[in-house]
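The values are calculated or read from the model by the stated rules, or taken from the named source; none is laboratory data. Worth saying up front: this structure is predicted, and the values here are computed from it rather than measured. Ideal geometry is used to build each Cβ from the backbone, glycine not excepted, and the neighbour counts take in all protein chains shown. Calculation scope for accessible area: heavy atoms of the full protein, side chains included, ligands and nucleic acids excluded. Shrake-Rupley method; radii C 1.70, N 1.55, O 1.52, S 1.80 Å.
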Amino acid sequence: MRPLIGITTYVEPASWGVWHRLPTTLVPHAYVEAVTLAGGRAVLLPPDDADTDVLRRMDGLVLGGGADVDPARYGASPQPLTDTRPQRDAAELPLARAALATDLPVLGVCRGMQVLAVAAGGRLEQHLPDVVGHDKHRPAPGVYGSQQAVFESGSRIAELMGADREINCYHHQGVADAGALSVTGWAADGVVEALEDPGRPFVLGVQWHPEVSRDRRLFGALVSAASA
């Protein structure tokens, strides 16, 4: 049986057919396809804050991208451009903490990396252009930015990426403090691009979007760890 990989999802107004702006549980299909191509079986996890019992049935977890984490979750007040989804925070932070506590293989993507950081006791920068002085990490609505990353020698992400340093990003927030996790990747402007926990079997967060290119290096490593 293929390893079961849970993917956290959005609840957003969506339109199709005769339905218009219907509250919908969804996720970009790129996540599902990336897991499938890597040899896993994707299982979509809608926001549910009642418990984390579903993880007992999962072999791995993908914390997907999306809106900003509520600053209250890391002891800050929201800034004008912060756009939150409290329902997702209430569901995903417990899942992240439970995954860390049980050594469940986990990959955090964009928002998902930030969720991992907050779950590990860290905090976020709420609007990167105010910090780095440019908007190259999210150049325009729906347009991915292109960055060249630097990875820590000997880290898991350095091993997985090899000589490839180009990443595609779409975010206006970033990690200011990784908490108990280790920072292992940076953009040229110092923005954190990768987090890991070298003391656990597989805990990796990336600020970019490897699902868009169906990156079998990262999703393959997650599925391999989940198979073990």
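With n ≥ 4 as the cut-off for DSSP H runs, can you work out [θ] at 222 nm for the chain, using -39500 (n - 2.57) per run divided by the number of residues, rounded to the nearest 500?
Computed ellipticity for the chain at 222 nm equals -7000 deg cm²/dmol.
In whole percent, and with a 1.4 Å probe on the protein chains, what portion of the accessible area of the chain is carbon and sulfur?
Within the chain, the accessible surface is 51 percent carbon and sulfur.
How much of the calculated P(r) for the stretch 90-228 lies past 21 Å, in percent of all Cα pairs?
For the stretch 90-228, the fraction of Cα-Cα distances above 21 Å is 37 percent.
Between rounded, prolate and oblate, where does the stretch 148-228 land on the alpha carbon gyration tensor, with a ≥ b ≥ c its root eigenvalues, rounded for a/c under 1.5, else prolate if a/b exceeds b/c?
Oblate is the answer for the stretch 148-228, as a/c is 1.5 or above yet b/c matches or exceeds a/b.
Go through the stretch 188-202 residue by residue and turn each phi into a ³J(HN,Hα) via Karplus (6.51, -1.76, 1.60, θ = phi - 60°); whole Hz please, and just put x for glycine and proline.
4, 8, x, 5, 5, 10, 8, 10, 8, 10, x, x, 10, x, 7
Per residue, how much accessible area does the stretch 98-217 show when a 1.4 Å probe rolls over the protein heavy atoms, in square angstrom?
I get 40 Å² per residue for the stretch 98-217.
Using label points projected 7 Å from each Cα along Cα→Cβ, tell me how many nm separate D83 and L22, to one decimal.
In this crude label model, D83 to L22 measures out at 2.4 nm.
Rank-order 52-65, 79-92 by packing density, defined as the average count of other C-beta atoms within 10 Å over each peptide's residues, highest first.
In descending order of packing, they fall as 52-65, 79-92.
Which of the three applies to the stretch 89-141, rounded, prolate or oblate, going by the alpha-carbon gyration tensor with a ≥ b ≥ c and a/c under 1.5 meaning rounded?
Prolate.
Taking the Cα centre of the stretch 78-159 as origin and charging only Cβ (+1 Lys, Arg; -1 Asp, Glu), how large is the dipole, in debye to the nearest 20?
Its charge dipole is roughly 140 debye.
Which residues in the stretch 126-144 have a backbone N closer than 16 Å to a point placed 7 Å from the Cα of D177 along the Cα-to-Cβ line?
Correct set: 126.
Kindly report the accessible area of the stretch 31-94 per residue (heavy atoms of protein chains, probe 1.4 Å, no ligands, DNA or RNA), in Å².
So the stretch 31-94 comes to 48 Å² accessible per residue, rounded to a whole number.
For S182, what accessible area in Å² do you get when you roll a 1.4 Å probe over the heavy atoms of the protein chains, rounding to the nearest 10?
We get 50 Å² for S182.
Skipping prolines and chain starts, which residues have an amide H placed within reach, meaning under 5 Å, of the one on V43, given they are 5 or more residues away or on another chain?
I5, G6, I7
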